[in-house]
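These notes are about the structure you will find just below.
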Amino acid sequence: MRTASQSPATGAGCEPGFRGVICVSFATTDALQDHDTGGMPRHDLRFAAATPEAIANLRSVLGHSRVGVRVVLAGPPADVHAAASVAAECGLVDEEMTLVCDEVGPRVIFCGHCHTSTTTDHPIGTNVDCQGCGTTLIFTDHFSRRVGGYLGFSAHAEEAA
Amino acid sequence: MTGTALQNKAKPLLDGTLQLEVTSVSAQTDSITSITFGGALGELLPSYVPGSHLVVQYGTGANAYSLTGSGSAPTEYSISVLRIENGAGGSLAMHALCVGDLVQVSHPRSAFAPAATASHHLLIAAGIGITPVLSHARYAAEWGASASLIYVHRPGTGAHVAEARQLLGPGLTECLDRSSFQEVLTRQLTTQQLGTHLYVCGPNAFMDSVLKQARDLGWPKSLLHSEAFSGAALDDGEPFEVRLARSKVTLNVPAGVSLLGTLENAGLTVPNMCRKGICGECAVPVLRGEPLHRDLYLTDQEKDDNTTMMCCVSRSLGQELELDL
Amino acid sequence: MSTVINEAVRDADVLPERIKHFPFPFSGDIYRYSANVEPSRKEVSTEAGAWGGRLLHIDEHYLAELKDRDEVLERDPSRLQVLPHMRPAVWDAICTLLPALAEEYPDTVSFTREGDLCRWRNSLQNLDVEFTVGDDSSLPMGPLRFLGSQIQDDLVFLDHRQDALWLDAGVVTFAADWSVGFDVGMKFLEVHHPVPRVKEEKIVSRAEQFLMRLQPGEQYRRTNWTLTIDRRLDTSTETYPNWAHDRMTIADDPALPDRLHLRVEIQHMIRLPHSGAVLFMIRSYLLPLRDIARVPVWRQNMGRVLAELPDDMAEYKGIIHYRKAASDWLLSA
C-alpha cells in the first residue's frame, strides 16, 4: 500500500481531490510504517522537522485534499503539535486527525510573559530559559493546541528582589 | 427604534412566550403558505441564530416551525408551513390564520446552528426542508460566508425558489427528481474543501440517506448537521413500566402513549412546551433503567449518562424505568 | 449587645459606596469550588448594602479602569484576541451589551439602531459615534476594542461546536493570573486544566454542559474570588514577574491591611442571540482588608475562610504565603 519512499524534507503533492490517508512523519520516526489505513489510499510525507517549508508543504497538500481525508501525524511532540495546529487551521476536526507523539523528544514551551516559543528536551515540570526574554520558565502541563505548546511562566518571580 | 436584545419589548404572556400578531399570509405553492408574525407596534423582536425554530401554539397543541429569516434584528418572524391533511392539526391551524390574528409563540430556539468555523456551508434541502437552510443561506450572504445549496423539489411545488436563486446564484443546484439528486450529491460529497460543514433538512428517510452516504464517504460526525422537520412522527414504541421513587407509585406506559401523557394522566404536573423533544422543558431525572432517547435536545454525552430524559418523546429500553418524581 | 448592633447599623449608614456595593462572596466560614450559578440581575443584600441588580455596572472607577484597560492594550495588544470566525459574535455582543447598558443607565448612555446603522452616545466620555453592524472599519479602533472601551467587564467569547465550547475571542486586560493570548483557541475544559480539584468533582464539565444549554435571552452569573496585592487589576500571566514578588513580602508588611485586597469577580454568562456564541463577562472588584474589616460579619467570615482553606486551593490562588497573616489580622482586629 505504501507509496514510493519520499526523500527527507520533501512532500510531493498528492493528486488533487485526495480523500485517503495522509501519513506525515517527522524526524526519524517509523511509527507509521505499518499504519493501517483501513483500505484507503495512502499518501506519505516525511519531513526532518516542522520547518516553515514543511508546514507550507503540508498546507498545500491539505488545500488539495477533500472532506473524507484523514491525517496521521507522527514524530517528536513539537513537530506533531505544530502540524496539528496547521491542520486544524485548514479546517480539520479532531475526528479527522490522529496524533502519534514520540514519548520523549522536544516540546515547545510558550513564554507566558513575552510569548516566544522555546523548544526543549526537558520534561514537564522542569525549568527552561526562554529564548525570547531570557526568563527562567517553569514548564507546566497546560497545553494549547493552537500554539502547539505548553505554558511556561517565571520560575523565580516570587523570590526575585 | 431602540434595540433591546436582552429584554424583548413584545409583551410576554407566560414565562418564555410572546404574543404576536399575524402581519401577512401568502401562498408559496398550492400546499405551502408563508406566515409572518410581528409585534403590535412593529418593534424589534429578539434576534435569533440561523436555523432556529419557533414553537407556535394553536388550540391545545403546539408545533415547531423553522424561521426563514437570517435572524438579524428582526421586526418580523416568518415561517412557511406545509399543509398536512391528516396530521395532528397544527398545519391546518396555521393555514387558517388571517392577518390580525393573535398567536402565542415561544422565543426562537436554536438547534440547527451554522458552524462559525466552516470554510464552506453545504446546504441540502428537500421540499419544505428548505425553510431552515434558507435562514442559513441568508446569514451566509450577510456575512460573506461561502455557501451552496442542493434543493430537491418537484416542478412547481418548491417554496422560496426565487429567493434561493437570488441568494445563491450559481451556488444553487435544483434537482427535480431523485436520480439527478443522487448524481449531484455523490459529486458534491466527494469534492468539498476541508472544513466544509453539511446541513440537511427534509423528510427523515431523505436525511438518513444523505447522512449515511456522507459518513460512508468519510465525513466525520461533527461536520454533519440535520434538522428533523415538523411532521415526522415517531413510532408508538414498546410498553414499559415507570416507577416514581418519591411518589411511590408505578405506572404503565402503553405503546402509543407518551411518558409525559402517562404522568399527566396520573395527575402529575410536568413543565412542557413543544412535546416533540425539541424544547427541553420536560426533562425528568432518571434514577434507574436505561431510557430510549428520542429527543433532539440532550447532547450525546447527556444521553449516554442516562440521568435525564425528555419524557415527551423518550421511552425505555428495558421493561422498567425509575424516575426521581 | 444592643449597643454593638446599633453601632454596626450606624456604621453601615456612613459606609462609602465602594463598600456598600461590594459583592462580598462568602456566606459562611468555609469556601469550596462549586458551580454556584444563579439568574443574573437579582439584587443580593449584604451586611453593608447590596449588589447585582444590573447586568452592567458603572461605578466610581469607570473612567479610571477604562483608561487602565486602554494602556494595557497599548502596551500589550495580545490581550485582545479574535479568531476570524468570531467576528459575527463580537458584533452580536455590541448589539446586545450597548442596548443593555442604555436600558440600565438611560441618563448616561443611549443606543439607537435603524437597520444596521447604530448610534451610540456616552455622556461620561463625551462620545457620540455612528457605526454599521458588520463593518469593522466603521469603528476605528475595531469592534471589540471599542466595546471594551465602554464597559468595565473583561469579555470572553465561547464558540459552541462539536459538542463543546471553545474560547475563540476575548478582551481580557484584568485577568486573575491567566493569559488570554495563551488560552485562545482552547476548549473550555482545556482552559480550566490547571484548576485543582475541579476535574475530580466534574465541576467544569457540568458548567460547560450548563453553558451549552443556555438559550438566547437567558442570563446567569456566578462569583469567584482571590486576593490581590495593591489595587492592581492587571494580574495577568504576562505581568506576573512584576507582581509575584509581593506575594513573598506582604505577610510582613505593616501596610498589609491597606495593600491586600479581596478581589471578587462577578461573571455573567449569556447566550448571544444571533451568533449563538456564549459570552462570558468578568467584572473585577477590589476592596482592601481595612475596608472589609469595617463590616464586622465580613471580617469574621473572611478571616475564617482564609484560615480554613485547604493548601492546594490556597496554592492555586497564589495566596498560600500570606493567607495566615491576612486571616490573623482580620480575626484579631
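The values are calculated or read from the model by the stated rules, or taken from the named source; none is laboratory data. Quick caveat: nothing in here was measured; it's all calculated off a predicted structure. Positions of Cβ are backbone-derived with ideal geometry, glycine not excepted, and every protein chain shown enters the neighbour counts.
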## Note on the structure
Matching residues in segment A:75-97 (away from chain B (no Cβ under 14 Å), among the hydrophobic types (A, V, I, L, M, F, W, C) and over 17 Å from residue A:143 (Cα atoms)) number 0
### Task
Look at residue C:99 and say whether it is facing chain B (nearest Cβ under 8 Å), within 26 Å of residue C:175 (Cα to Cα), within 24 Å of the chain's Cα centre (by Cα) and not charged (D, E, K, R).
yes
### Query
Tell me, which residue of segment B:208-239 that is among the hydrophobic types (A, V, I, L, M, F, W, C) and modelled with pLDDT under 95 is surrounded by the most Cβ atoms within 10 Å (Cβ to Cβ)?
B:229
### Task
For segment C:264-302, name all the residues that are closer than 24 Å to residue C:219 by Cα and in a loop (DSSP other than H, G, I, E, B).
C:272, C:273, C:274, C:275, C:276, C:277
### Task
Answer yes or no: is there a residue in segment C:79-101 that is modelled with pLDDT of 95 or more, farther than 24 Å from residue C:159 by Cβ, surrounded by fewer than 15 Cβ atoms within 10 Å (Cβ to Cβ) and not aromatic (Phe, Trp, Tyr).
no
### Segments classed as strands (runs of 3 or more DSSP E), wholly inside segment B:146-214, with at least 3 members that are within 14 Å of chain A (Cβ to nearest Cβ) and under 17 Å from residue B:136 (Cβ atoms)
B:196-202
### Task
Taking residue C:278 as meeting all but one of (1) crowded, with 20+ Cβ neighbours inside 10 Å; (2) over 30 Å from residue B:46 (Cα atoms), write down the number of the exception.
(2)
### Query
With B:247, B:226, B:222 as the choices, which residue is touching a helix residue (DSSP H, G or I) at 6+ places or on another chain (Cβ under 8 Å) and not in a strand (DSSP E or B)?
B:222
### Query
Counting only residues that are surrounded by 15 or more Cβ atoms within 10 Å (Cβ to Cβ), among the hydrophobic types (A, V, I, L, M, F, W, C) and part of a loop (DSSP other than H, G, I, E, B), how many does segment B:258-281 have?
6
### Query
Residues of segment A:114-161 being among the β-branched types (Val, Ile, Thr), within 8 Å of chain C (Cβ to nearest Cβ) and touching a Gly at 6+ places or on another chain (Cβ under 8 Å), which ones?
A:140, A:147
### Task
Quickly run through segment C:122-177 and pick out the residues that are in a loop (DSSP other than H, G, I, E, B) and closer than 30 Å to residue B:302 by Cα.
C:162, C:163
### Task
Mind counting the residues in segment C:35-93 that are in a helix (DSSP H, G or I), within 19 Å of residue C:108 (Cβ to Cβ) and not hydrophobic (A, V, I, L, M, F, W, C)?
4
### Message
Given (1) of a type in the set (A, V, I, L, M); (2) in contact (Cβ under 8 Å) with a residue 24 or more places away in the chain; (3) assigned to a helix (DSSP H, G or I), identify the lone condition not met by residue A:56.
### Response
(2)
### Query
Restricting the first residue to segment C:273-287 and requiring it to be within 14 Å of chain B (Cβ to nearest Cβ) and in contact (Cβ under 8 Å) with a residue 40 or more places away in the chain, which pairs with a second residue that is buried (at least 24 other Cβ atoms within 10 Å of the Cβ) and of a type in the set (Phe, Trp, Tyr) meet a Cβ separation below 7 Å and a spacing of at least six or different chains?
C:273/B:48; C:274/B:48; C:277/C:157; C:279/C:157
### Message
Suppose we filter segment B:95-126 for residues that are in contact with a Lys or Arg (Cβ under 8 Å, 6 or more places away or on another chain) and either over 25 Å from residue C:272 (Cβ atoms) or without any contact (Cβ under 8 Å) to a residue 24 or more places away in the chain (or both); how many remain?
### Response
2
### Message
Name the single residue that is surrounded by the most Cβ atoms within 10 Å (Cβ to Cβ) among those in segment C:236-251 being over 11 Å from residue A:159 (Cα atoms), facing another protein chain (nearest Cβ under 7 Å) and not β-branched (Val, Ile, Thr).
### Response
C:238
### Query
How about segment A:110-142: which of its residues are assigned to a strand (DSSP E or B), in contact (Cβ under 8 Å) with a residue 40 or more places away in the chain and under 22 Å from residue C:175 (Cβ atoms)?
A:110, A:111
### Residue tally, condition surrounded by fewer than 19 Cβ atoms within 10 Å (Cβ to Cβ), among the charged types (D, E, K, R) and within 14 Å of chain C (Cβ to nearest Cβ), over segment B:282-301
1
#### Entry: Considering residues of segment C:129-170 that are free of Cβ contacts under 8 Å to residues at least 12 places away in the same chain and among the polar types (S, T, N, Q) only, the residue nearest to the other protein chains (Cβ to nearest Cβ)
C:162
